[in-house]
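One structure is given here, and the rest of the page talks about it.
The values are calculated or read from the model by the stated rules, or taken from the named source; none is laboratory data. For clarity, every value in this text was computed on a predicted model and none was experimentally measured. Because the Cβ atoms are built from the backbone with ideal geometry, glycine has one as well, and the counts that use them run over all protein chains shown. Surface areas here come from the heavy atoms of the whole protein model, side chains and all, with no ligands, DNA or RNA. Shrake-Rupley method; radii C 1.70, N 1.55, O 1.52, S 1.80 Å.
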Amino acid sequence: MSITLSDQDKSALRTAAYGAVSLMAAATGSPHKAATNASVALTSATGLVGHVLTAKAKDIELKGKTVAELADRVLPTLTAAMKLLGRQAPAEADNFRSTILLAIEAAQVHPDKPSTTTAAMARKITAALDAAGVATADSGAAPAAAAGQDRPELQKAIEEIVDSGFVGVSLRVHDERGEWVGSAGAAELGGAAKPPTNGHVRIGSNTKTFTATLVLQLVAEGKVRLDTPADDYLPEFGLDERITVRMLLQHTSGVFNFSGEVNADGTVVPGIPIPYSTTGKEWMDNRLKTYRPQELVELALSKPARFEPGTGWSYSNTNYVLARLLIEKVTGRSVAEEMQRLILGPLGLSGTVAPDASPEIPEPHAHAYYRYEDAGEQKTIDITRQNPSWISSGGDMISTTQDLHTFISALMGGKLLPAPLLAEMCTPHPTGIPNMDYGLGVFVVNTDGGTVISHNGAAVGHAALMYSTPDGSKTLTAALNCVDDADLSIATAFLNAQQRLVNEVFCGGQADPAQPAD
């Protein structure tokens, strides 16, 4: 396909490309070297994009004294450039995107030790490129025409989930019929635009599968042993010496859940203020507060244990915060750095973030909401920005349906763990919940369609689903946004949504399997 660009178009492409370089240079500690490396990458581009970017032009318009001002100028130009090329020549849009990604990679002067700042800027640039909605060979974006054409039962399912009380849903299915991607509802309350089909979402307890995988990768490297007492790695907490690393990943440690416990008689033993029950308003008012992982663990250990280590099963976020601290203690690096080294980097998961205490979420994304009562009046606010450190590695990560698919299919396909450790991960331990046992960071679910490996998550106004067959050949990933509240009013609709989608994808639409919630 031929393409004709005006001088103004060419100027816009150059501004976008060299603007991305300037942003990365501003975010690094070696700006000159970063800019030089990235500019070389731009001038190595081929095709029409290469011709435009290598031209010695003085028409590059970059304004802004601060990084934030520069970002406000540059990021929209990247999206506009992708749209411009996508309308006329999708292959050149693909070329442009690949060139920019190569340049920002070159700008990370120490890619083996990525800084939080440069990684965050790289994510923003990638998100701006993908916000154009142009399907490219390496972006994982799906053509809009894929939605609803040949899988009407899937489109109907997500539309009915919206009708049940969700603001919006996006769904991605990989099976023997190929890939299907669709969305329904709205990205924002009162808005007309549907949720982005590969938007970012807070994935809640899906984080546990990532964290467990990291621990098992360290086991594979010989740095951690599953059946060694966790206290050997984290002596500063004085853990019961009977609690092993395996018990943390399996939820059999008995350690109190810092986000609160519900006793058999229905009474609640509170932990930190959480978005639910009687502390909902307190959490909402302080949703940008930062908690440190050590603080959460110390609170949990100040409470009585649920049971003797290894004698029961109880879902506890504390187990996974301890797992995070273990990772950081053993490696000497942050969990985000280890995640990048062992999972995100090797799999190319550019849309996945371990945010620590940052309240930001990359564009594009659907919005999350919280409803509460103030002086007898019901109010609903946008809580898309929230500090996830209150849940830490129990559920703080951000991802996309594409990245979740890539991750779970690679994990189950044996690309991240040796076969013996993958088998350990998927070995079911009884939970007392019908048709649902727990391995190491995954639920092992029995359905009429066979065994499914899963971990879902909810994160106050956002939720994510992640399912796979044990061999990784069939996956279901979904992102949901809703209006949450202290009474968990959406919980029943969330459970029904899981059941409906698993029914359609794994059970031929005939069964009604029991599914895990969060």
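See the values below:
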read-out	value
log₁₀ of I(q)/I(0) at q = 0.11 Å⁻¹ - segment 305-437, Debye sum with one point per alpha carbon	-0.57
29 Å Cα-Cα threshold exceeded, pairs from Lys208/Lys329; Lys83/Lys474; Lys194/Lys379; Lys223/Lys415	Lys83/Lys474
Net charge of neighbours whose Cβ lies under 14 Å from the Cβ of Leu422, counting Lys and Arg as +1 and Asp and Glu as -1	-1
Using distinct alpha-carbon pairs, which all enter the 1/r mean, Kirkwood radius of segment 238-300 in Å	13.4 Å
Pairwise Cα inverse-distance average, inverted: Kirkwood Rh of segment 417-501 (Å)	14.0 Å
Volume in Å³ per residue [convex hull over Cα atoms, computed for the chain]	156 Å³
Solvent-accessible area per residue for the chain (1.4 angstrom probe, square angstrom)	40 Å²
Per residue, the convex hull volume that the Cα atoms of segment 392-448 enclose (Å³)	118 Å³
Accessible area of segment 405-507 belonging to carbon and sulfur atoms, whole % at 1.4 Å probe	53 percent
P(r) histogram, all alpha-carbon pairs of segment 352-399 included - 5 Å bins from 0, percent	5, 19, 24, 21, 14, 10, 6, 1
Segment 136-294: radius of gyration and largest Cα-Cα distance (Dmax), Å	21.5, 58
Zero-based 5 Å bins, Cα pair distances in segment 347-502, whole percents	2, 8, 15, 19, 20, 16, 11, 6, 2, 1, 0, 0
Ordering of 379-390, 234-245 by packing [mean C-beta count within 10 Å, highest first]	379-390, 234-245
Using alpha-carbon coordinates, inclination of helix 116-130 to the longest axis of the chain, degrees	70 degrees
Mean projection area, nm², convex hull over Cα of segment 211-253	2.9 nm²
Interatomic Cα distance distribution for segment 243-342, bins of 10 angstrom, percent	15, 40, 33, 12, 0
Residue-averaged [θ]222 nm for the chain, counting only DSSP H segments that reach four residues, each worth -39500 (n - 2.57)	-12000 deg cm²/dmol
